[in-house]
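See below for the structure under consideration.
The values are calculated or read from the model by the stated rules, or taken from the named source; none is laboratory data. Nothing here was measured: the structure is a model prediction, and the numbers come from that model. So basically every Cβ, Gly included, is an ideal-geometry build from the backbone, and we count neighbours across all protein chains shown. Just so you know, the surface numbers come from the protein's heavy atoms only, side chains and all, with ligands and any DNA or RNA stripped out. Shrake-Rupley method; radii C 1.70, N 1.55, O 1.52, S 1.80 Å.
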Amino acid sequence: MNRAKFVMAIYALAAVLAMCSIGYSVAVGSVFGIIAGIVATCVIFMTAFKMKRKLREQGLL
């Protein structure tokens, strides 16, 4: 696995964990946790898509 695919795998794992945190916050009943999880998921997705565009322009993906 090349370096670019490893970076994208890390972003994918972070996104899954952020989505799991939303479910955990719903189970606990923490409104702040739900909002923080949604914001974290959005931030991770935005940075991952930006990184994917950069890697594709460099020809690494």
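Please tell me if M46 is surrounded by 12 or more Cβ atoms within 10 Å (Cβ to Cβ) and part of a helix (DSSP H, G or I). No: the conditions fail for M46. Taking the criterion of being of a type in the set (D, E, K, R) and within 16 Å of the chain's Cα centre (by Cα), the only residue of the range 1-28 that qualifies is K5. Here L61 passes the criteria (1) free of Cβ contacts under 8 Å to residues at least 24 places away in the same chain; (2) not in a helix (DSSP H, G or I) except the one numbered (1). Take the conditions (1) β-branched (V, I, T); (2) open to solvent by 90 Å² or more (accessible area, probe 1.4 Å); (3) under 13 Å from the mean Cα position of the chain (by Cα); V31 misses just one of them, which is (3). Looking at the structure I just gave you, is L55 touching a helix residue (DSSP H, G or I) at 6+ places or on another chain (Cβ under 8 Å), surrounded by 13 or more Cβ atoms within 10 Å (Cβ to Cβ) and not in a helix (DSSP H, G or I)? When the stated conditions are applied, L55 does not pass them. Total residues in the range 10-28 satisfying the condition of being of a type outside the set (F, W, Y) and open to solvent by 60 Å² or more (accessible area, probe 1.4 Å): the figure is 9. Scanning the range 2-15 turns up no residue that is at pLDDT 95 or above, on the phi < 0 side of the Ramachandran plot and polar (S, T, N, Q).
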